[in-house]
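Following: one structure in structure tokens, then a few remarks.
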Amino acid sequence: MRGIGKCVIAAILFCMTICFAGCGEEKLVSQDQQRANCRNRDVNSIMKTDKGFYYSKKSLEPLNLYYYDAANGKSMYLCNKPECRHDGDDFCAATSDKYMVQETIMYSDSLYISAIEETETTYEYKLLRASLDGSSLSEVVTYFEIDNIEVAPAYDWDADQAVTIHRNKAFLPYRLSNRNNKEIGVSGTAVYDLETGELTYLGEKQRELVDRDFNFIGCGDYMYYAHEQKYKTRLNRYSYKDGSVEEMNLEKGFLGDYAVYDENTIFYIQTRQQLYRYTHDTKENTLLKIKEWNGKFIDTLGIDGTVIDTHLSTNLYIFSVFSDGEYVYIPENSYNAHTTASYKEEVWCGPVHDEKSGKWYIKVTMLDAEGNYVNHVEVKTEELIGYDEYFTLHILDDAVYIQTPFKVYECSKADFVAGNANFKEVYSQDIGIRSVKEYEGWEE
């Protein structure tokens, strides 16, 4: 009987393996980064196949990889090994106590994970690879190693240590601060060629802590990134053709929040209430007229209660901007791509209140390639889950997704651009993020 039981288990696992998207395919396929499929320190980008979704715990946690099977509506550990307890030992392909994960992304039918392994004497920064069928977890490269006696990994709120892969090159920033003085330390960015195995670096391998690279966005034959030094933040781009680095000539006040529309067009934020469009071939910076759309739409009602006029009131802050190459998206008064996405974070952002419905919302404005207003949409998590909750926006192919701490919702991009936030639940997840209800001072 025990032998029969093992055969049944093996058959089930075999069927699961066949159902996993990308099973058995290990050939490297060059892909462009889905640059509007945003991520931050708390949530990964949307990792979708035609059969389901992949996800992992938030960063700075031990490795935990999951797969959601759309056919049966269930989540499971991304490990197809018989009798595995998924308890973090070396046998499991989905869990590991050995690595502290920074980020997980999908690329070329695999999951790639930037992680830190701490030994008795060193910190070792590694790029891992997990197969989509749950059969393997392996180390691809150790891209940085340092003695751990005096320094420890430095974590900021933005995604400055996330892995970004575009056209077979992985960009892997790292930062460590002195244990006794957090203001000093080392910083750097490794560039690993997945095809050739070549490992290089942007500038010096060990720079000062205040000399850092972050917010990497791949487009065409370039990788764009913000380069911060002590008194200035620049926007650079790395050329895939010759490895050269070129600086964009932006206006002063750039803090690192930008969107790449195409190789010639950049949108960037200055002073949180100004948005510029930069055209690379002419080196022209154009200040956009955001007062035409930036703010809260207020309806004026007639005696019979019908809307007789709608006008803008109260300009909102612009904290983040992103683009999919067709539109530019701006979640007003809210961070999205590079910090904790939230409604009620006291310092960073806040929702807008709709007096008619009594609900809170984030207004997302869409612009065209010239920076002209196209439309806006109001996203209200209260309509989906019954209360105002943290979320992030992600655009992948023809769909828009929002991630809350426990669920992921989907809306067609066509509906979203038309101003209709018709989100439907796709799957549940528990990735270790606290709900807004868990923060002190939250009120129903």
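Residue by residue, here is whether (1) closer than 30 Å to A259 by Cα; (2) at pLDDT below 95 holds:
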site: K27; (1), (2): no, yes
site: C38; (1), (2): yes, yes
site: D42; (1), (2): yes, yes
site: S59; (1), (2): yes, yes
site: Y68; (1), (2): no, no
site: R85; (1), (2): no, yes
site: M106; (1), (2): yes, no
site: L111; (1), (2): yes, no
site: G134; (1), (2): no, no
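Quick check: is even one residue across segment 241-250 open to solvent by 60 Å² or more (accessible area, probe 1.4 Å), outside any strand (DSSP E or B) and not polar (S, T, N, Q)? Taking every residue of segment 241-250 in turn, at least one turns out to be open to solvent by 60 Å² or more (accessible area, probe 1.4 Å), outside any strand (DSSP E or B) and not polar (S, T, N, Q).
Please go through segment 91-106 and give me each residue that is of a type outside the set (A, V, I, L, M) and closer than 26 Å to L176 by Cβ, ordered by number. Result: T95, S96, D97, K98, Y99, Q102, E103, T104. All conditions but one from (1) farther than 28 Å from I318 by Cα; (2) touching a Pro at 6+ places or on another chain (Cβ under 9 Å) apply to T196; the one that does not is (2). Looking at segment 389-396, is at least one residue buried (at least 17 other Cβ atoms within 10 Å of the Cβ), touching a helix residue (DSSP H, G or I) at 6+ places or on another chain (Cβ under 6 Å) and among the charged types (D, E, K, R)? The answer is yes; a qualifying residue exists. Only one entry in K169, K126, K81 is basic (K, R) and either farther than 18 Å from E198 by Cα or under 17 Å from the mean Cα position of the chain (by Cα) (or both), namely K81. Of all residues in segment 82-104, those satisfying the criterion of being open to solvent by 10 Å² or more (accessible area, probe 1.4 Å) and among the hydrophobic types (A, V, I, L, M, F, W, C) are C84, F91, M100.
Could you tell me whether any residue of segment 406-420 is within 26 Å of V101 (Cβ to Cβ), open to solvent by less than 20 Å² (accessible area, probe 1.4 Å) and free of Cβ contacts under 8 Å to residues at least 40 places away in the same chain? Yes: one or more hits. The single condition from (1) of a type outside the set (K, R); (2) crowded, with 17+ Cβ neighbours inside 10 Å; (3) out of contact with any Cys (no Cβ under 8 Å at 6 or more places or on another chain) that C79 fails is (3).
The strands (runs of 3 or more DSSP E) falling completely within segment 167-206 that include 2 or more residues that are more than 20 Å from Q34 (Cβ to Cβ) and either open to solvent by less than 10 Å² (accessible area, probe 1.4 Å) or aliphatic (A, V, I, L, M) (or both) map to 169-178, 185-193. If you check Y231, Y238, Y201 for being in contact (Cβ under 8 Å) with a residue 40 or more places away in the chain, out of contact with any helix residue (DSSP H, G or I) (no Cβ under 6 Å at 6 or more places or on another chain) and not basic (K, R), only one passes: Y238.
Looking only at residues of segment 258-281 that are open to solvent by 50 Å² or more (accessible area, probe 1.4 Å) and not in a loop (DSSP other than H, G, I, E, B), we find that the one that is modelled with the lowest pLDDT is Q274. Go through the residues of segment 216-230 one by one and say whether even a single one is part of a strand (DSSP E or B), among the hydroxyl-bearing types (S, T, Y) and open to solvent by 30 Å² or more (accessible area, probe 1.4 Å). Checked against the condition, which is being part of a strand (DSSP E or B), among the hydroxyl-bearing types (S, T, Y) and open to solvent by 30 Å² or more (accessible area, probe 1.4 Å), segment 216-230 yields at least one hit.
Only one of these is under 19 Å from the mean Cα position of the chain (by Cα), modelled with pLDDT of 85 or more and small (G, A, S): S412, S428. Name it. Don't jump to the end; show me each part of the working.
Working: S412 fails: under 19 Å from the mean Cα position of the chain (by Cα).
One residue alone meets the criteria, S428.
In segment 361-378, the residues that are at positive phi and in contact (Cβ under 8 Å) with a residue 60 or more places away in the chain form Cβ pairs under 7 Å with partners that are open to solvent by 10 Å² or more (accessible area, probe 1.4 Å) and assigned to a loop (DSSP other than H, G, I, E, B), at six or more places apart or across chains, as follows: G371/L288. When F254 is tested against (1) without any contact (Cβ under 8 Å) to a residue 60 or more places away in the chain; (2) open to solvent by 20 Å² or more (accessible area, probe 1.4 Å), just one condition goes unmet, and that condition is (2).
The values are calculated or read from the model by the stated rules, or taken from the named source; none is laboratory data. None of the values given here were measured: they were computed from a predicted structure. Cβ coordinates were reconstructed from backbone atoms using ideal geometry, including for glycine residues, and neighbour counts include every protein chain displayed. What goes into the accessible areas is simple: the full protein's heavy atoms, side chains included, and nothing from ligands, DNA or RNA. Shrake-Rupley method; radii C 1.70, N 1.55, O 1.52, S 1.80 Å.
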